[in-house]
Amino acid sequence: MKPQVADFSRGGLSQVPMTAQEHPTLTAHQPFQLLWEYGTGPEESFHGDVHYALQISVVLHGKIEVAYEEWSRVYVPGELWWTICWEPHAYRHLAPRNLILTLNVSLDDLGQLGPLGGGVDWLRPFAVAPASRFCPQTPDERERLLQWCQQLARWYRRQPPNWATRCWLAIHDLVLEASAHLPQNNGETPATGIQSRLERLHPALALVREQPIPPSLSEAASACKLSVSRFSELFRNTLGRSYGHFALRARLDQCAADLRTGQYVLKEIAMRHGFCDAASLCNAFRRVFKCTPTAF
């Protein structure tokens, strides 16, 4: 029997425990990474993850159901989904044979195209609500995306001269196309200056990513030399969520990484990441990962 499409209209990802996933290692010299995942189905359970990298995933073959908080959709070949950093999401294979191309992109380096990259809101395709994110709608659009994936894969695997530059430009071309399909900003922060906005936020983002205990809102604002109100507004308009939401998910993601190593007991992990005790960590873990640390 084929599994029923999950209903996430209520309760968010309450049915989806997060599973251990490897996090991509991206740098300024390697700001993107391509991965291929083959899976068989239909599956009853989901695979879930949160991670720092931006992510674009394309169905090459089969049928994939993807779930975010309070929303899910089934994707077919030539369709894609977007995930901003530290956004819980999950997927499962619904067809007998499935193939996904996943593209991990560095948040810090997206839009780095010299003077020509500063006038575009490169994060907007990732930051709008999941239901509003661009996905090909017609057979021609889906076929064009599959051809784009084939070309990207050829460059990535064969590595001809200037292959990385070609891939990097192709990634930005896809983001530009996605942006063109989104509604106008309607009062949002203007697209111009996205890189300068990220640069303003970079000290706080670096602290969140690198420190076991992310800085408080006031500490993050101070690191960026901004008032708390201005920092909060800039953070939400740039990354599509509050700083508190972002920092909590980052901290729990670091806790999950510690769990995977097996080097620490739960009480030690709680202390390392600023929770007052193991019970507080468990409560926060359940809210985000929808399972206990032990079950994870």
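Points to keep in mind about this one:
- Neighbour counts of other Cβ atoms within 10 Å put Asp49, Asp121 in the fewest-to-most order Asp49, Asp121.
- Cα centroid of segment 206-276 to Cα centroid of segment 139-164, whole Å: 36 Å
- DSSP beta bridge pairing in segment 32-180, given as percent antiparallel to the nearest 5: 95 percent
- When each of Phe126, Phe285, Phe134 is scored by the number of other beta-carbon atoms lying within 10 Å, the sequence from fewest to most is Phe134, Phe126, Phe285.
- Neighbourhood charge, 13 Å Cβ-Cβ cut-off, centred on Val208 and excluding it, Lys, Arg +1 and Asp, Glu -1: 0
- Loop-located trypsin sites (Lys or Arg not before Pro) across segment 222-260 with a Cβ neighbour count of 12 or fewer within 10 Å are Lys225, with loop assigned by DSSP.
- For segment 192-286, with +1 on Lys and Arg beta carbons and -1 on Asp and Glu, the positive-most of Gln211, Gly274, Ser232 along the dipole: Ser232
- Exposure proxy order (Cβ contacts within 10 Å, fewest to most) of Trp168, Trp86: Trp168, Trp86
- Put simply, the amide H of Tyr75, placed in the peptide plane, has neighbours under 5 Å in Ile64, Glu65, Val66, leaving out anything fewer than 5 places away on its chain.
- Phi-derived couplings, Karplus 6.51 cos²θ - 1.76 cosθ + 1.60 at θ = phi - 60°, listed residue by residue for segment 257-268: 5, 5, 4, 5, 6, x, 8, 10, 7, 4, 4, 5 Hz, with x used for Gly and Pro.
- Per-residue HN-Hα couplings for segment 136-143 [Karplus 6.51, -1.76, 1.60; θ = phi - 60°; Hz; x = Gly/Pro]: x, 10, 10, x, 5, 5, 5, 5
Coordinate-derived values only; no laboratory data. What you see is a predicted model; the values in this text were computed from it and never measured. Note that we place each Cβ from the backbone using ideal geometry, even for glycine, and neighbour counts take in every protein chain shown.
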